[in-house]
Amino acid sequence: MVVQKEEIYNWNTEYRLKLINSLSGYKGVHLLGTKSKDDIPNLAIFNSIVHISSNPARIGFIMRPLTVPRHTYKNIVDTEYYTINHVHKSFLDQAHYTSVKFESNQSEFRECNLGEEYTENFYAPFVAESRIKIGLKLVENVELQESDCRLIIGEVQCIITEDDYLEEDGALDLEKANDVCITGLNQYSSVQKFANIPYARKENLPNFKRQKRPDSTVFDEESQSYNAKLLPYGTNVGAPSIMANNLSIWKNRGITSFNHVLKSKIERIKAEYELLLDEYAVNELLYNTHCDFEPIIGEVYHLYEKNNRDQNFLSIIPPHTWKRKHLGSFKLNSDKVWSKETNLDE
């Protein structure tokens, strides 16, 4: 399919909007946090965050034309401070609906049930639910003449994240943080890392012209030769299987034994837990039952269904001497814990 410029502008507005937004591919999703001079917090979702420089550490984003009130833009210009907060799967729906056109006196934090978080000496709010947060100060507000959009550039003042998301080389593991990305205006996807390619330098440039061989082909890169016959093990599907030594038998026995012991312990803990739940239920029932006397430790008392009373009640009268509905018999021990009596000599 080939689409010319004239055809693009004849499309339905919504259709064209979604397609053109998708052309640039996957983009990060972020919430920009600001606060007005009147202390009203604001939150807005953006997919146009871009890296500007590392030294000084600067990040930019595109602000659409100021043809309508832009609360985020006004707050940044007025106060100079704002935050960029990564969006994660756990609060994606709430982040998406910050794009609703709320009034200037309404806070998206409150309307979308997201938490405000502040650090010392930083005016703008962070999103409490976000796992990667950046505090910035406005350094440049560039008007793009052709489109009337603006490139807003801020210098990083602080970074808030967990050590677990930082890799040894300084990169952020966005997959581990459950980051999301977007194509178009409302099609969200998971972030999944599948390769880590070395930094591109001329001395590390691979030979892309060299023919790639299937994984099943045994080829020695150092000698540039096929050496299957020289290897001390089979290299094709018809070769004898490689058998583990006797240690594998010992390991398997150990694993089987351990699994048996572990299963027994789990079953025992499960049984004790169920008994504890039963004991709790009995004591909750008894301590919420009507009683006109103080029970004596070691004596057996009988629980009867309410009859012209608001509650079930305890009595010393045994169940075989009258016709009230008997719910059970119980004994109080020295720890003031009730236990059910199952063998009664009536």
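Pairs of Cα atoms nearer than 8 Å and 6+ residues apart set the relative contact order; for the range 273-341 it is 34 percent. Residue-wise HN-Hα couplings along the range 30-37, as the Karplus relation 6.51 cos²θ - 1.76 cosθ + 1.60 with θ = phi - 60° gives them from phi, are 9, 10, 9, x, 9, 8, 6, 5 Hz; Gly and Pro carry x.
Taking a sphere under 14 Å around the Cβ of G115 and counting the other residues whose Cβ falls inside, with K and R at +1 and D and E at -1, yields a net charge of -2. Largest mean-square fluctuation among P318, P125, P41, in a Gaussian network model of the chain whose springs join Cα atoms under 10 Å apart, belongs to P318. Normalising the average separation of contacting C-alpha pairs (under 8 angstrom, six or more residues apart) by the number of residues puts the relative contact order of the range 13-190 at 27 percent. Which FRET efficiency value, to the nearest 0.05, is calculated for K325 and Y287 with the Förster distance at 22 angstrom and r the Cβ-Cβ distance? The formula returns an efficiency of 0.60 here. Can you flag which of K37/K101; K306/K336; K89/K137 are past 29 Å Cα-Cα? Exceeds cut-off: none, every pair is within range.
Kirkwood Rh over alpha-carbon pairs of the range 13-190, then Stokes-Einstein at 20 °C and 1.002 mPa s: what D in µm² s⁻¹, rounded to an integer? My calculation gives 128 µm²/s for D.
Taking every alpha-carbon pair under 8 Å whose residues sit at least 6 apart, the chain reaches a relative contact order of 12 percent.
Of all lysines in the structure, the ones whose alpha carbon falls short of 22 Å from that of K251, not counting any fewer than 8 places away in one chain, are K263, K265. Taken over the alpha carbons of the range 1-87 as equal point scatterers, the Debye sum produces base-10 log I(q)/I(0) values at 0.19, 0.21, 0.27 Å⁻¹ of -0.98, -1.09, -1.37.
For the chain, the calculated P(r) over all alpha carbon pairs, in 10 Å bins from 0 to the bin holding the longest distance, is 4, 14, 15, 11, 11, 15, 14, 9, 5, 1, 0 percent.
Approximating the spin labels as points 7 Å out from Cα along Cα→Cβ, the C158-to-L19 distance works out to 4.7 nm. In this structure, the amide hydrogen of S48, modeled 1.01 Å from its nitrogen in the peptide plane, lies closer than 5 angstrom to those of I62, counting only residues at least 5 positions away or on a different chain.
In the range 179-193, whose amide N lies under 19 Å from the spot 7 Å out along Cα-to-Cβ of W11? List them in ranges. Counting only backbone N, you get 182-188. What does a probe at Y97 reach in the range 26-60, counting residues whose amide N is under 11 Å from the point 7 Å along Cα→Cβ? Zone members listed by number: none at all.
Computed over the chain with a Gaussian network model linking Cα atoms closer than 10 Å, the most mobile of I45, I269, I20 is I269. The alpha-carbon of K209 sits under 18 angstrom from the alpha-carbons of these aspartates and glutamates, leaving out residues fewer than 8 places away in its chain: D220, E221, E222. The share of alpha-carbon pairs in the range 273-341 lying farther apart than 21 Å comes to 21%. Note on the range 79-152: Rg/Rh from Cα positions, Kirkwood definition for Rh, rounded to two decimals, is 1.00.
Once you reduce the range 299-342 and the range 48-108 to the center of their Cα atoms, the two points are 66 Å from each other. Comparing mean-square fluctuations of V261, V156, V29 from a GNM of the chain with C-alpha springs under 10 Å, the top value falls on V261.
Since every read-out is calculated from the coordinates, none of them should be taken as a lab result. Computed from a predicted structure; not experimentally measured. Cβ atoms come from the backbone with ideal geometry, glycine included; neighbour counts cover every protein chain shown.
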